[in-house]
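Asks: The structure follows.
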Amino acid sequence: MIGYIIFILMMFSLVFSFFNGTTEQVCLSVSEGADNALKLSLSLCAVMGLWGGIMRIAQKSGFTALVAKLLSPIVLFIFKGIKRGGEAYNAIVMNITANLLGLGNAATPLGLQAVKALEKESVNRNRNISLLVVINTASIQLIPSTVAAIRLSHGSAHPYEIIPAVLLSSLVSVTVGVILAKLMYSRGDNV
Amino acid sequence: MNGELFAVLIIVFICLYGLIKKTDIFSAFNEGAKDNLKTAFDIFPSLIFLLTAVGMLRASGAIEAVADKLSFLFSAIGFPADCLPLVLIRSVSGSGALAVLDDILSKNHPDSITGRIASVMMGSTETTFYTIAVYFSAIRLKCTGRTVIPAVAADITGFVCSVLFVRLLL
């Protein structure tokens, strides 16, 4: 998929440049791409390294478990019919916590564990699976560290200033997603 | 709320919590940082490829041409035309979106309105279609519109809110 996108971008750029008279710029840009990638990766290493370290402290000290406990009423409110302390419940809570704290590597395996557990449930199965997937397709990250890294590499004076807007925007979009998903299954045919 | 202060408070609070709970915060930090460095290093090769393609697109002048043609429409709703490529690629490819954001921020200063809107868009949305594919490949249930429609609606809401909240808050 992404291979096709890259090829189409390159081919389109080249053909477009013939008509636009920018072929020389396109040729010059080829040598810059890799250089830009290196600069970007260095900033990513720095900022992601910092947050990876901090969030590992959060995991080891039990802070993550504390956040999971705080999330529990919200999870039970959104996912109707799951048992507190059950397999599906635990995986969902840990998946959402991992997303919130930006533990990308941990979030996906936990999410997969959660959908598999939800598939075994008998109450509201399809609806709860949809809800979990929708929540995972909406970003709910406390610290947008990758974005901060890119902003830093381009000389932003305040790489983290976007946090309030990101959090509000995420909150509104995840709420819209959850409400719509619930509406989709509101006609009583929710297995 | 100040974003920088929020980030610093989280760092300090987590370290304090770790010390109270008698965690070896120094070795925990090193471990976690090392893991993330590996992740950053892992996406480096794909970034080379993607940034080359996106750089070619930028150099061809196609983005400006489309933005110029549509600017009357976009300026009416307060949407910066430069963010259009990000909206198009965001839900399909995460590293592709990273490359496009990098390109947008090299043309617009990250602290400008356009730079901020692009940053908030990237931070408040996800690689929706990729995520849906991964989750539904793990179970027997078929993916239907009942999942896709809310997910896409959430994305669109995220893009609209990004423009709105940057203009209102920052």
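Asks: In peptide A:93-105, how many Cβ atoms from other protein chains are near each Cβ within 10 Å, on average?
Replies: Values: counts 0, 0, 0, 0, 0, 0, 1, 0, 2, 1, 3, 3, 4.
Per residue, the number of nearby Cβ atoms from other chains is 1 on average.
Asks: Now a separate question. Students often get this wrong, so check it: of A:Lys69/A:Lys120; A:Lys39/B:Lys34; A:Lys39/A:Lys69; A:Lys80/B:Lys142; A:Lys60/A:Lys116; A:Lys69/A:Lys182, which have C-alpha atoms separated by over 28 Å? If you can, show how the numbers build up before the last one.
Replies: Details: A:Lys69/A:Lys120 24 Å; A:Lys39/B:Lys34 19 Å; A:Lys39/A:Lys69 40 Å; A:Lys80/B:Lys142 21 Å; A:Lys60/A:Lys116 26 Å; A:Lys69/A:Lys182 24 Å.
Where the Cα-Cα span goes over 28 Å, the pairs concerned are A:Lys39/A:Lys69.
Asks: If you take the Cα Rg of the protein assembly as shown and divide it by 2.2 N^0.38 Å, with N the number of residues, what do you get?
Replies: Numbers: Rg = 20.9 Å, N = 361, 2.2 N^0.38 = 20.6 Å.
Dividing the Cα Rg of the protein assembly as shown by 2.2 N^0.38 Å gives 1.01.
Asks: Which longest run of chain B has no exposed loop site in it, a site being trypsin sites (Lys or Arg not before Pro) in a DSSP loop with at most 12 other beta carbons within 10 Å, and the site itself not part of the run? Kindly include the intermediate steps, with their values, before the conclusion.
Replies: Values: sites that count: B:Lys22, B:Arg140, B:Lys142.
Segment B:23-139 is the longest.
Asks: Another question, then. Below 20 Å, Cα to Cα, which aspartates and glutamates can B:Lys38 reach? Residues fewer than 8 away in the same chain don't count.
Replies: A:Asp35
Asks: Okay, moving on. How tilted is helix B:145-169 with respect to the longest principal axis of chain B? Cα atoms for both, answer in degrees (0 to 90, nearest 10).
Replies: 90
Asks: What average count of beta carbons from other chains do you get within 10 Å of the Cβ of residues in A:108-117? Each step should come with its number before you reach the end.
Replies: Details: counts 4, 0, 0, 4, 5, 1, 2, 6, 4, 0.
If you average over the peptide's residues, the count of other-chain Cβ atoms is 3.
Asks: Here is a further query. For the protein assembly as shown, what is the mean residue ellipticity at 222 nm derived from helices alone (per DSSP H run of n ≥ 4: -39500 (n - 2.57); sum divided by total residues; nearest 500 deg cm²/dmol)? Don't skip to the end; give the middle numbers.
Replies: Details: 17 runs with 286 residues, N = 361.
Computed mean residue ellipticity for the protein assembly as shown: -26500 deg cm²/dmol.
Asks: If you don't mind, there's one more thing I want to ask. Taking beta carbons within 10 Å but only from partner chains, what does the mean come to for residues A:41-47? Mind showing how you got there, number by number?
Replies: Values: counts 8, 2, 2, 9, 8, 3, 2.
Other-chain Cβ atoms within 10 Å of each residue's Cβ, averaged: 5.
Asks: So if I restrict to the alpha-carbon atoms in segment B:1-133, what is the Rg, and what is Dmax, the biggest pairwise distance, in Å?
Replies: 18.9, 61
Asks: Something else: Using the alpha-carbon atoms, what tilt in degrees (0 to 90, nearest 10) does helix B:3-20 show relative to the longest principal axis of chain B?
Replies: Approximately 20 degrees, to the nearest 10.
Asks: Now for a separate question. Sorting check: for A:93-100, A:170-177, which peptide has the highest mean count of neighbouring beta carbons within 10 Å, and how do the rest follow? Let's see the in-between values first.
Replies: On the way: A:93-100: 23.4, A:170-177: 21.6.
Per-residue Cβ counts within 10 Å, averaged per peptide and sorted highest first, yield A:93-100, A:170-177.
Asks: Follow-up question, since we're still on this one. Which percent of Cα-Cα pairs in segment B:75-118 sits in each 10 Å bin, short to long?
Replies: Answer for segment B:75-118: a P(r) of 31, 55, 15, 0 percent.
Asks: Moving on to the next point. Which whole-percent values make up P(r) of segment A:1-98 when all C-alpha to C-alpha distances are grouped in 10 Å steps starting at zero?
Replies: Result, from short to long distances: 13, 22, 17, 17, 17, 12, 1 percent.
Asks: Report, to one decimal in Å, the Kirkwood hydrodynamic radius for segment B:1-44 based on all distinct Cα pairs. Can you show the working numbers first?
Replies: Values: mean 1/r = 0.0832 Å⁻¹.
Final number for the Kirkwood radius of segment B:1-44 is 12.0 Å.
Asks: While we're here: Can you pull the semi-axes for segment A:36-184, root of five times each eigenvalue of the Cα gyration tensor, sorted largest first, whole Å? Could you put the intermediate results ahead of the total?
Replies: Values: eigenvalues 190, 58, 34 Å².
In descending order the semi-axes read 31, 17, 13 Å.
Asks: Could you sort the peptides A:82-88, B:91-97, A:143-149 by per-residue average Cβ neighbour count (10 Å cutoff), highest mean leading? Intermediate values should be presented prior to the final figure.
Replies: Details: A:82-88: 14.9, B:91-97: 20.9, A:143-149: 25.9.
Descending packing order for the listed peptides: A:143-149, B:91-97, A:82-88.
Asks: Same structure again: Where does helix B:62-77 land angle-wise versus the long Cα axis of chain B, in degrees 0 to 90, nearest 10?
Replies: 90
Asks: Further question: If you filter segment A:35-91 for chymotrypsin sites (Phe, Trp or Tyr not before Pro), then keep DSSP loop positions with at most 14 other Cβ within 10 Å, what is left?
Replies: Numbers: sites: A:Trp51, A:Phe63, A:Phe77, A:Phe79, A:Tyr89; in loops: A:Phe79.
Counting only loop positions with at most 14 other Cβ atoms within 10 Å, none of the chymotrypsin sites (Phe, Trp or Tyr not before Pro) in segment A:35-91 qualifies.
Asks: May I pose another question? Alpha carbon centre of segment A:65-110 versus segment A:142-191: separation in Å?
Replies: Measuring centre to centre over Cα atoms gives 17 Å.
Asks: Which residue, B:Gly123, B:Ala65, B:Val54, has the largest displacement toward the positive end of the dipole of segment B:8-159 when charges sit on each Cβ (Lys, Arg +1; Asp, Glu -1)?
Replies: B:Gly123
Asks: Where q = 0.17, 0.26 Å⁻¹, what log10 of I(q)/I(0) comes from the Debye formula for segment B:91-170, counting one point per Cα?
Replies: Computed log10 I(q)/I(0) values: -0.72, -1.20.
Asks: Which whole-percent values make up P(r) of segment A:94-161 when all C-alpha to C-alpha distances are grouped in 5 Å steps starting at zero?
Replies: 3, 17, 21, 17, 14, 11, 7, 5, 4, 2, 0
Asks: Further question: Who wins for biggest fluctuation among B:Ile48, B:Ile156, B:Ile139 in a Gaussian network model of chain B, springs between alpha carbons below 10 Å?
Replies: B:Ile139
Only the coordinates and a few stated rules stand behind these numbers; no lab work does. Keep in mind that what you see is a predicted model, and the values were worked out from it rather than measured. Reconstructed Cβ throughout: ideal geometry from the backbone, glycine too, with neighbour counts over all protein chains shown.
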